[in-house]
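Written below as structure tokens is the structure these notes are about.
Computed from the coordinates by the stated procedures, all read-outs in this text should not be read as laboratory data. Here the structure is a predicted model, which means the values were calculated and not measured. Neighbour counts are summed over all protein chains in view; Cβ atoms, including those assigned to glycine, are modelled from backbone coordinates with ideal geometry.
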Amino acid sequence: MAKFYSSLDEIKREIQSGGITVEGLVSSYLTQIRSNAHLNAFNEVFEAEALSRSKIIDERIKAGTAGRLAGMVIGIKDNICYKGHKVSASSKILKDFTSIYSSTIVERLLAEDAIIIGRCNCDEFAMGASNENSYFGPVKNYADNTKVPGGSSGGSAVAVQANMCHAAIGTDTGGSVRQPASFCGLVGLKPTYGSISRHGVIAYASSFDQVGPITRSVEDAALLLEIMAGADDYDSTLAQAPVPSYSKKLSTDTSKKKIAYIQEALSSPGVDTEVKTALVQYIDKLIDEGHTVKPIAFEFLDYIVPTYYILATAEASSNLARYDGVHYGYRSPGATDLQSTYKRSRSEGFGKEVKRRIMLGTFVLSAGYYDAYYAKAQKVRRLIKEKTDSLLEEFDFILTPTAPEPAFAIGKTEKDPVVMYLYDIFTVQASLAGVPAISLPAGTNKAGLPLGLQLLTKRFAEQELLNFSKYFLKL
Ligand code: GLN
């Protein structure tokens, strides 16, 4: 198996010293993918392409013309378009669909000589927190195969956790980069809404969706963010400001900070005791180091999950209307007329959770209930955003667990979807507010499962977030 490299810099040094080649590296990842096929992390591996590209990158490195990601082998979540390759969103409805163009992020990654080794399994249309909602079956956590990897970018996280590639790209609508990163002991960054182009990324809930890296190090997260972020003519929601050189400016920030933590994370019976212990340990370490750490009561905590699920499902019901058996994707062979084409194709093509959300979203947007649910949720979102912003004026960071529990058993939430929704309690705040948040590995529990803690900060303060994360990991 390939050596575990903690960062791309380490790989680059080893290439320079003649210890490895990119071709050798790709071969060892492919071997690792093959011998761990049972984890189900990839929906497809681009084996031949990755190998032939690795030879080209080796040549470029020798010639001194290689891009900044030469030596970085990545997996992309299967909701990110890559021209000429299939993209399915882990749904039957798109299972045979081939991208006719590449997403902006794929173009930017390839332009810097990254190698894309395959498309990673995920929850269908990125809806879920356990990667059990995939048409291609659940993904298993590498640390314990009976546990979920988190979701929805579960395949992306396991691909990195099990060393099947060096880094992966996920999407985060309500926690889908951060939560699987925490379940797999990795760094997961959701940047500020409006940082990274969503062009060519299959939409779930457009006012929340953001692409983010899943990596072993803060250094790699900084580099990938810097390369993927920035204005794009195809996405009008993006900030136009030049992207800072996050990786060059990355330095361990040891200055004294003001940090808030949400009191309920320690008092709520819904939070696992070992997660609480990890949080307390970090709070104590931060206090010992001279930072100001204060508990805060976030009065909207009970509302953040319902608000998120009303708005995200409303947006999803609209975004997923395009999968109708006519425009593209699966068409039921049993369809006889227009009505039955829609009905049968959608009934047969979508999985249970996606259907539930389309119905929920359609309901909250329907004429009789719009004001009671959708319009009200928009107002509550505004309150949550304003409260989060004002807290982040007072404090440099908000610290929370990434998830209330470590990776749970496959099948645990099968009977009650609401139990799964409640697992998003700590991640959706940043999504509703549009602020950046990062999940950082914080040791393991007694059973050896990874734990993660999350830091939130002000919009576009990614540099401060990354610098402090580097420090945090050394605590
Ligand atoms: N678990 C959340 C959901 O199911 C978040 C998913 C995501 O971020 N894509 O909506």
Worksheet entry | Mean ellipticity per residue at 222 nm, deg cm²/dmol - from DSSP H runs of n ≥ 4 across the chain, formula -39500 (n - 2.57) | -11500 deg cm²/dmol
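How big is the charge dipole of region 330-375 about its Cα centre, in debye rounded to the nearest 20, if each Lys and Arg gets +1 on its Cβ and each Asp and Glu gets -1 on its Cβ? Write out the running numbers ahead of the final one.
Working: 8 positive and 4 negative charges, 43 e Å.
For this selection, approximately 200 debye.
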Fill in: FRET efficiency for ALA409 and MET359, using Cβ-Cβ distance with R0 set to 30 Å, rounded to 0.05
0.60
Fill in: Among LEU186, ILE33, GLY19 - extreme Cα towards positive end, dipole of the chain, charges at beta-carbon
ILE33
Worksheet item: So for the chain, taking the charge dipole from beta-carbon charges (+1 Lys/Arg, -1 Asp/Glu), which of MET359, LEU225, LEU473 sits furthest toward the positive end?
Response: MET359
Worksheet item: Suppose every K and R has +1 on its Cβ and every D and E has -1 on its Cβ; what is the size of the dipole of the chain about the Cα centre, in Debye to the nearest 20?
Response: 380
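Under 14 Å from the Cβ of LEU383, count the other residues' Cβ atoms, weight Lys and Arg +1, Asp and Glu -1, and hand me the total. Walk me through the intermediate numbers first.
Details: positive: LYS376, LYS379, ARG381, ARG382, LYS385, LYS387; negative: GLU299, ASP302, GLU386, ASP389.
Every neighbour counted, the sum reads +2.
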Worksheet item: Want the number for SER366 to ALA447: 0.36 nm per residue separation, take away the alpha-carbon distance, what's left?
Response: 24.5 nm
Discussion item. Can you tell me how region 394-464 classifies by the Cα gyration tensor, rounded, prolate or oblate, using a/c under 1.5 as the rounded cut?
Written reply: oblate
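Please give the contour-minus-distance gain from GLU299 to GLU107: 0.36 nm per residue of separation, less the Cα-Cα distance, rounded to one decimal in nm. Walk me through the numbers on the way to the answer.
On the way: separation 192, 0.36 × 192 = 69.12 nm, distance 4.25 nm.
Result: 64.9 nm gained on full extension.
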Item to complete: Give LYS83/LYS458; LYS77/LYS379; LYS276/LYS412; LYS248/LYS458; LYS55/LYS140 a once-over and call out the pairs whose C-alpha atoms are over 30 Å from each other.
Response: LYS83/LYS458; LYS77/LYS379; LYS55/LYS140
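Dipole of region 276-342, Cα-centred, from +1 at each Lys and Arg C-beta and -1 at each Asp and Glu C-beta, to the nearest 20 debye?
Details: 5 positive and 8 negative charges, 35 e Å.
It comes to approximately 180 debye.
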Practice prompt. Quick one: which residues, 5 or more positions from GLY118 or on another chain, have an amide H under 5 Å from its amide H? H modelled 1.01 Å from N in the peptide plane, none for Pro or chain starts.
Written response: PHE46, ILE76
Worksheet item: Between rounded, prolate and oblate, where does region 296-431 land on the alpha carbon gyration tensor, with a ≥ b ≥ c its root eigenvalues, rounded for a/c under 1.5, else prolate if a/b exceeds b/c?
Response: prolate
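Count neighbours as other Cβ atoms within 10 Å of each site's Cβ, and list the trypsin sites (Lys or Arg not before Pro) in region 28-57 that are DSSP loop with at most 12 such neighbours.
Details: sites: ARG34, ARG53, LYS55; in loops: none.
Sparse-neighbourhood loop trypsin sites (Lys or Arg not before Pro): none present.
For LEU422 and THR65 in one chain, what is 0.36 nm times their gap in residues minus the Cα-Cα distance, to one decimal in nm?
Details: separation 357, 0.36 × 357 = 128.52 nm, distance 4.88 nm.
That works out to 123.6 nm of additional length.
For THR252, what is the net charge nearby, where nearby means another residue's Cβ is under 10 Å from its Cβ and Lys, Arg count +1, Asp, Glu -1?
Neighbour charge sum, excluding THR252 itself: +1.
What ranking do 316-325, 208-217, 230-239, 105-114 get when scored by the average of other Cβ atoms within 10 Å per residue, highest first? It would help to have the intermediate numbers written out before the result.
Details: 316-325: 19.1, 208-217: 26.6, 230-239: 14.5, 105-114: 20.7.
So the peptides 316-325, 208-217, 230-239, 105-114, ranked by packing, come out 208-217, 105-114, 316-325, 230-239.
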Worksheet item: Rounded if a/c is under 1.5, else prolate if a/b is larger than b/c, else oblate: which is region 134-212, with a ≥ b ≥ c the root eigenvalues of its Cα gyration tensor?
Response: prolate
Response to the item:
For the HIS327, ALA231 Cβ pair and Förster radius 30 Å, calculated FRET efficiency rounded to 0.05 is 0.55
